[in-house]
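Here's the structure we're looking at; comments come further down.
The values are calculated or read from the model by the stated rules, or taken from the named source; none is laboratory data. What you are looking at is a predicted structure, and each value in this text was computed from that prediction instead of being measured. Here the Cβ positions follow ideal geometry from the backbone for every residue, glycine too, while neighbour counts run over all protein chains shown. SASA here: full protein model, heavy atoms, side chains in, ligands and nucleic acids out. Shrake-Rupley method; radii C 1.70, N 1.55, O 1.52, S 1.80 Å.
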Amino acid sequence: MKNIEIVKILREISYLIQITEDDPNTIFKVRAYEKAADMIEGLSTSVVEIYNKNGIRGLRDLPSIGSAISSKIEELIKSNKIAYHEELRKKMPIRVSDFINMKGIGPKTVKILYDKLKIKNLSELQIAASEGKIAKLKGFSKIKEDKILKTIQFSKIDNSRYLLGDIFPLIKKIESRLTGHANVIHCSVVGSFRRMKETIGDIDIVVSTDEPEKVINFFVKMSEVEEIKGQGKTKAFVELRNGIDVDLLVVPEESFGSACQYFTGNKEHNISLRNLAISMGLHLNEWGLFDKKRKKIAGTNEREIYQNLRLQYIPPELRENLGEIQFFSKDQNHKIDLIDYGDLKGDLHTHTDNTDGTMSIEDMAIHARKKFGLDYIAITDHTKSLRLANGLNENQLLNQIDKIQEINDVINEDLTGTKFRILSSAEVDILKDGALDIPNNILDKLDVVGASIHSNFSLSKEIQTERLIKAAKNPSVDIIFHPTGRLINKREGYSIDIEKLIDTACETRTILEINSNYNRLDLRDEYIRLAVNNGVKLAINSDAHHPVHFAYLLFGVGQARRGWAKKIDVINSSNVDDLLKRLK
Ligand code: DGT
Ligand code: CA
Ligand code: CA
Ligand code: ZN
């Protein structure tokens, strides 16, 4: 039994308790199951192994697991099921997996739908909703029914792919562990991860060594490995406990570059590159670049491969077969100063505990400076229409400007090196009609103004586009934050005509944000490239609600590179004085 299977059953129990039990103490029971599931999900060892070694005591010694749940797990390991779980399922014979991750339809609603309409799964729900049966139920409405239909559509989005940011720490851990192995010469995580794609299907790793067998044995025995799906002399293929697959390719040092090139992809880029080699009378594969006589002319080093194909080095983020092979041809002599990972000097989107952030202005500033080396941040707390986030009203905003002024006066005493600057700003809410919820005479007192949409996501494409265009045309608005509102794998975002927005941004010198939160990465790569080609400037921001979130800037830069953004396209790669000059 795999950890993820145990997790799944614990979560089902928690869900079913919420539906079937009315007792006021239910909430504690639910929490206990959830906590246990969370803990096991993050565990790098197998629960079954722990049980086999130390019995039920071993289970009880795990954090977040008490005696009740440990005996349930024991029961599951011994008999492949839990009687309590079966009992709950009998009471409520719905397909829990269809509903458990659905946003907006909670267990209480699912219970009503079952009691009244005998709805047991998603397709029954979809049919009932499209026949108008749900709107007729007491406590429901046409609006609620439409919402349910929308939610069903979203839940059909393919989310079998992992978010880059979710698996980033795990990948880095495995990479540094392999790099540190005595027999490993070089190790590189390649595939879509190296291309900084926003979602990752599986992890690909290339290692060079003189002792392939030792390295492969070490790899398949890592504690994160759930199952060895394949193991050969130069390759291994495993599934990790969190469900993701890892492909390992082991090569001699003289093929490390060509193996990295091959395994970084993408496939279409590789095919084009291989055809280019053929057209030059050469042959390219994962073992090297070979001439007509099959003599190897490059392989150790990835750069040499590109060089021998008369190409400049192509950064991995651009290897999508979207014109990069033509662009980087040596004959073209193109130069491109892409934005780079160390280039950002400031962050223009951060929140504090004055609204829905978690730290004070000072703490955000000190972390930005000391841990992330930034020279400035803009404090962009929400404004009053966003009541859930405690949005600021006009007076509170004016007070915050004064406070920032005071902090700026003292903060540099604590900080060494370049002067740090906190900019006054706000994430102003764009209302349904495109007006802002704070008047321009107040906004003009801020150093920089960001504006964004947080409501009315389902307006028609035309109206939504007009709404954003009106905001962009507002002379006080410098930046449009997360312009499309998408959440990767969760929400498609509101529909807008991106080309129209880009044209307006260009005309009005409005900056578009690349929101670096890895759930958003909004703008997406394709739109970044369109914006850049149309002369629109970008800001790469973290949207930090806690200082650790400054680390997300890395994902924003990755996305910007995938969109061919140059350093000069990104306004927060300049110092604060130049930045302020470039605003409206
Ligand atoms: P993913 O895993 O779906 O996020 O995307 P990738 O790009 O990591 O794709 P994956 O893991 O299937 O393969 C890794 C790389 O190996 C891919 O980017 C290019 C290379 N590759 C895979 N299959 C082929 C193939 O049939 N032909 C060529 N030329 N290269 C391939
Ligand atoms: Ca992959
Ligand atoms: Ca793969
Ligand atoms: Zn924000």
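The table below gives the values:
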{"item": "Distant-in-sequence amide H partners of Ile514 (H built 1.01 Å from N, under 5 Å)", "result": "Leu523, Ala539, Ile540, Asn541"}
{"item": "CD proxy at 222 nm, helix term only [per DSSP H run n ≥ 4: -39500 (n - 2.57); per residue of the chain; nearest 500]", "result": "-13000 deg cm²/dmol"}
{"item": "Candidates per GluC sites (Glu not before Pro) in the stretch 127-218, loop by DSSP, up to 13 other Cβ within 10 Å", "result": "Glu131"}
{"item": "Residue-count net charge about Phe372 - beta-carbon cut-off 12 Å; Lys, Arg +1, Asp, Glu -1", "result": "+2"}
{"item": "Part-to-part distance (alpha-carbon centres) for the stretch 112-164 and the stretch 542-584, which is given in Å", "result": "39"}
{"item": "Residues with amide H under 5 Å from that of Leu487, placed H, sequence gap 5 or more", "result": "Glu492, Gly493"}
{"item": "Carbon plus sulfur fraction of accessible area for the chain, probe 1.4 Å, in percent", "result": "49"}
{"item": "Surface accessible to a 1.4 Å probe, per residue, for the residues of the stretch 3-155, Å²", "result": "56"}
{"item": "Karplus (6.51, -1.76, 1.60) ³J(HN,Hα), θ = phi - 60°, over the stretch 434-443, in Hz, Gly and Pro reported as x", "result": "x, 6, 9, 8, 10, x, 4, 5, 7, 4"}
{"item": "Average accessible area per residue (Å²) across the stretch 346-582 - probe 1.4 Å, nucleic acids and ligands excluded", "result": "39"}
{"item": "Two-site FRET efficiency, Lys8 against Gln126, from Cβ-Cβ distance with R₀ of 25 Å, rounded to 0.05", "result": "0.60"}
{"item": "Percent of Cα-Cα distances greater than 42 Å, calculated over the chain", "result": "35"}
{"item": "Beta bridge orientation in the stretch 169-327: antiparallel %, DSSP, nearest 5", "result": "75"}
{"item": "³J(HN,Hα), Karplus 6.51/-1.76/1.60, whole Hz, each residue of the stretch 246-254, x for Gly, Pro", "result": "10, 9, 10, 10, 10, 9, x, 3, 5"}
{"item": "For Lys235, residues with placed amide H under 5 Å, excluding near neighbours", "result": "Val250"}
{"item": "Loop-located GluC sites (Glu not before Pro) in the stretch 308-416 whose Cβ has at most 14 other Cβ within 10 Å (DSSP)", "result": "Glu413"}
{"item": "Length added when fully stretched, Asn52-Asn25, from 0.36 nm per residue minus Cα-Cα", "result": "6.4 nm"}
{"item": "Zero-based 5 Å bins, Cα pair distances in the stretch 169-327, whole percents", "result": "2, 9, 18, 21, 19, 15, 10, 5, 1, 0"}
{"item": "Per-pair calculated FRET efficiency, R0 = 41 Å: Leu322 and Phe457 via Cβ, rounded to 0.05", "result": "0.90"}
{"item": "Angstrom value of the Kirkwood radius, inverse mean 1/r, which spans all Cα pairs in the stretch 346-582", "result": "17.5"}
{"item": "Phi to ³J(HN,Hα) by Karplus 6.51 cos²θ - 1.76 cosθ + 1.60 over the stretch 92-98, Hz, x for Gly, Pro", "result": "9, x, 9, 7, 4, 4, 6"}
{"item": "Student exercise, the chain dipole from Lys, Arg, Asp, Glu Cβ charges, in Debye to nearest 20", "result": "1680"}
{"item": "Length released on extending from Arg177 to Asp202, taking residue separation times 0.36 nm less the Cα-Cα span", "result": "7.1 nm"}
{"item": "Solvent exposure, largest accessible area first (probe 1.4 Å, DNA, RNA and ligands not counted), of Met364, Met39", "result": "Met39, Met364"}
{"item": "Solvent-accessible surface ranking, highest first, for Phe256, Phe457 at 1.4 angstrom", "result": "Phe457, Phe256"}
{"item": "Extension gain (nm, one decimal) between Glu394 and Glu413, 0.36 nm per residue minus Cα-Cα", "result": "3.8 nm"}
{"item": "Pairwise FRET efficiency - Met1 versus Ile401, Cβ, R0 = 41 Å, nearest 0.05", "result": "0.10"}
